Amino acid sequence: QVQLVESGGGLVQPGGSLRLSCAVSINIFSMYRMGWYRQAPGKQRELVADITSGGSTRYADSVKGRFTISRDNTKNMVYLQMNSLNTEDTAVYYCNVAPWGSLAWGQGTQVTVSS
C-alpha cells in the first residue's frame, strides 16, 4: 500500500525557514518524478517544485530562488528547504508524484507564516 507521510511544518515568522520531509513507501521510488504541492485556504492545490530521479528540478515562479527540492533515493525521502518565507507561503504542503499527483494523498503538513 502506497503511503506518503509529510512532516516538518510549523509556525514561522516572515523571512524564516523550514525544511519539510516526505517519506514515500512505494516500489521503485527512484523511478518517479516527485513533487511538493501546496494548498492554501480557498485555493486549488498547486505544484511548487518537482525533481526527477536523476535530480533535475523545476520550480514554480512564486518559489524560485527561495525553495530547494531534493531527494534521497536510498531512503525513499523527498525534502523541501524553504527560505525567505512570506505570508503567501502559508498552506498545507503535500508530496506526491509529479506532475499529476496520481498517488493517494497523505495528510500534508501545515506551514503558517505569520508575525
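The values are calculated or read from the model by the stated rules, or taken from the named source; none is laboratory data. Because the structure is a prediction, the values reported are computed rather than measured. Don't worry about glycine lacking a Cβ; one is built from the backbone with ideal geometry, like all the others, and counts go over all protein chains shown. Protein only, heavy atoms only, side chains kept; ligands, DNA and RNA dropped before computing areas. Shrake-Rupley method; radii C 1.70, N 1.55, O 1.52, S 1.80 Å.
When only DSSP loop residues count, what trypsin sites (Lys or Arg not before Pro) in segment 40-93 have their Cβ near at most 12 other Cβ atoms within 10 Å? Kindly include the intermediate steps, with their values, before the conclusion.
Values: sites: Lys43, Arg45, Arg58, Lys64, Arg66, Arg71, Lys75; in loops: Lys43, Arg45, Lys64, Arg66, Lys75.
Sparse-neighbourhood loop trypsin sites (Lys or Arg not before Pro): Lys43, Lys64, Lys75.
A probe of 1.4 angstrom, applied to the heavy atoms of all protein chains, finds Ser62 with accessible area near 60 square angstrom.
What does the extension gain come out to for Ala104 and Gln39, with contour length at 0.36 nm per residue minus their alpha carbon separation? Before the final figure, lay out each step's value.
On the way: separation 65, 0.36 × 65 = 23.40 nm, distance 1.55 nm.
21.8 nm is the gain from fully extending Ala104 to Gln39.
Computed about its Cα centre, the charge dipole of the chain is approximately 120 debye, with only Lys, Arg, Asp and Glu carrying charge at their Cβ. The orientation-averaged shadow of the Cα convex hull for segment 53-115, equal to a quarter of the hull surface, comes to 5.1 nm².
Identify the chymotrypsin sites (Phe, Trp or Tyr not before Pro) of segment 1-80 meeting these criteria: DSSP loop state and at most 13 other C-beta atoms within 10 Å of the C-beta. Don't jump to the answer; show the numbers that get you there.
Details: sites: Phe29, Tyr32, Trp36, Tyr37, Tyr59, Phe67, Tyr79; in loops: Tyr32.
Listed in order of number, the matching sites amount to none.
Under a Gaussian network description of the chain, with springs only between Cα atoms under 10 Å, the residue in Val97, Val63, Val78 that fluctuates furthest is Val63. I need the fraction of alpha carbon pairs in the chain separated by more than 18 Å, rounded to a whole percent. The answer is 43 percent, as a whole percent. Remark: segment 1-72 carries 55 Å² of accessible area per residue (probe radius 1.4 Å; ligands, DNA and RNA excluded). Each of Ile69, Gln107, Pro41 was scored by the projection of its Cα onto the charge dipole of the chain, and the greatest displacement toward the positive side belongs to Ile69; charges sit on the C-beta of Lys, Arg, Asp and Glu.
Carbon-plus-sulfur accessible fraction, segment 21-115 (probe radius 1.4 Å, protein heavy atoms only): 48%. Scanning residues 5 or more positions from Leu103 or on other chains, those with amide H under 5 Å from its amide H are Val97, with H placed 1.01 Å from N in the peptide plane. Bridge orientation summary for the chain: considering DSSP beta bridges with both residues in this region, about 90 percent are antiparallel. You can think of it this way: the chain between Thr52 and Val5 has 15.0 nm of extra reach, that is 0.36 nm per residue less the Cα-Cα gap.
Which whole-number percent gives the relative contact order of the chain, counting Cα pairs below 8 Å spaced six or more residues apart?
Numbers: 284 pairs, mean separation 42.5, N = 115.
This gives 37 percent for the chain.
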